[in-house]
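The values are calculated or read from the model by the stated rules, or taken from the named source; none is laboratory data. This is a predicted model, so every value here is computed, not measured. Glycine also receives a Cβ, built like all others from the backbone with ideal geometry; neighbour counts cover every protein chain displayed. Just the protein is used for accessible areas: all its heavy atoms, side chains included, with ligands, DNA and RNA removed. Shrake-Rupley method; radii C 1.70, N 1.55, O 1.52, S 1.80 Å.
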Protein chains: 2
Amino acid sequence: MATEQTGTVRTPGRPRSEKAEKAIIDAAIDMIAEGTGVAELSIEAIAGRAGVGKTTIYRRWSNKEELVVDALASLKAPIPELPGWSVRDDVIRYLSVMQQESRHPRTRCIMNIALSESERFPHLAERFREIVIRPRREVLRAVLQRGVASGELRSDVDVEVTMAALSGAMMFFTKWRDNDDELPADLAERITDLILSGLHA
Amino acid sequence: MATEQTGTVRTPGRPRSEKAEKAIIDAAIDMIAEGTGVAELSIEAIAGRAGVGKTTIYRRWSNKEELVVDALASLKAPIPELPGWSVRDDVIRYLSVMQQESRHPRTRCIMNIALSESERFPHLAERFREIVIRPRREVLRAVLQRGVASGELRSDVDVEVTMAALSGAMMFFTKWRDNDDELPADLAERITDLILSGLHA
């Protein structure tokens, strides 16, 4: 086992590149999570927070937007594992994960920048859709399509609108509330049962 | 009829106060609509855009946040008029207005700041809820409650979750799309019929 070297002063411009890269990305995410908008975010501030020199950042990323895209990409989209017993169970599980996530500042922050910065930073918005939104929607779409195929749901179910109603209802409560009340613990069940009630075969 | 006075040079610090107030509020809204975040917005830039001095602004508003709150309040919430023939008709009308509004940059901008700035500017977010969100939700809630009272909807309908599913589904398409396709013209009907299908008495 190698002994740890102490007392070595590393100059800011020459950290080991992988470690520096992680520090840079973490700094960017932390600042965004704290509420710094993409427009306000500066390479200088990120460098200061990460303890690296600006040139270290510019060696890897040509501009701020590219760095933010990589920072978003580093936040793995937590796609829920669905047991596949029934459409109802899988949808409840999917919506419960959405509800839990809404409490985490990092998840909230990436949702917020994706929404609020999409017009100013279209490349960022497109990457966010690609990395976070589409893979998750694919999971829910597959559950509903399986339900149609198995006969659990009616054959003429409008899968896209059903997805929108399920996810949209949860987002309405987690993101668009008009008060600060605690969300009901059985919210995922209530949404699922209300929407699926007209869709059973 | 009074003749218009020409050639009068008005100093920036002394415009007629009502006219100046409108110019200041319009400048703030325009800048927000163009994508300037609340944090980046400065009294100096608003003053420059409105063609007034900073002191004119400070005579009326103690800080930037108060000014933004008044700017939001000046945007009348366009609450749809509902004919009241049936729950289905009223809900379709309500959702169609949401869909139309989503095309207007000013509506989009106020939605975006309400979402993205709510943690940094809680007073702003609360005023936005009060002015824009709650009155509109009240209209939809009343439609559903009337449907329950008249027997058009089942007596055990979960009104709050139904509202969330209806509005959330439309927001899912207008705000959370994962592509840039044109929205279907019959989207409001499709959402309404899917969600109400399980709720009829």
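Does at least one position in region A:141-149 carry a residue that is at pLDDT below 75 and either among the hydrophobic types (A, V, I, L, M, F, W, C) or at negative phi (or both)?
Scanning region A:141-149 turns up no residue that is at pLDDT below 75 and either among the hydrophobic types (A, V, I, L, M, F, W, C) or at negative phi (or both).
Take the residues of region B:29-44 that are open to solvent by 20 Å² or more (accessible area, probe 1.4 Å) and either over 20 Å from B:Thr55 (Cα atoms) or part of a loop (DSSP other than H, G, I, E, B) (or both): which is modelled with the highest pLDDT?
Among those residues, the one meeting the criterion is B:Ser42.
Within region A:78-106, which residues are within 14 Å of chain B (Cβ to nearest Cβ), open to solvent by 30 Å² or more (accessible area, probe 1.4 Å) and either outside any helix (DSSP H, G or I) or modelled with pLDDT under 85 (or both)?
Once the filter is applied, which keeps residues that are within 14 Å of chain B (Cβ to nearest Cβ), open to solvent by 30 Å² or more (accessible area, probe 1.4 Å) and either outside any helix (DSSP H, G or I) or modelled with pLDDT under 85 (or both), region A:78-106 yields A:Arg103, A:His104, A:Pro105, A:Arg106.
For region B:144-156, indicate whether the set of residues that are within 11 Å of another protein chain (Cβ to nearest Cβ), among the acidic types (Asp, Glu) and touching a Lys or Arg at 6+ places or on another chain (Cβ under 8 Å) is non-empty.
No, region B:144-156 has no match at all.
Could you check, for region B:111-124, whether at least one of its residues is modelled with pLDDT under 85, within 20 Å of A:Phe173 (Cα to Cα) and acidic (Asp, Glu)?
Checked against the condition, which is being modelled with pLDDT under 85, within 20 Å of A:Phe173 (Cα to Cα) and acidic (Asp, Glu), region B:111-124 yields at least one hit.
Being more than 11 Å from A:Leu67 (Cα to Cα), in contact (Cβ under 8 Å) with a residue 60 or more places away in the chain and either hydrophobic (A, V, I, L, M, F, W, C) or touching a strand residue (DSSP E or B) at 6+ places or on another chain (Cβ under 8 Å) (or both) is the filter here; which residues of region A:21-41 pass it?
Listed by number, the residues that qualify are A:Ile32, A:Ala33, A:Ala39.
Which one is nearest to the other protein chains (Cβ to nearest Cβ), of the residues in region A:157-189 that are open to solvent by 10 Å² or more (accessible area, probe 1.4 Å) and among the β-branched types (Val, Ile, Thr)?
A:Val157
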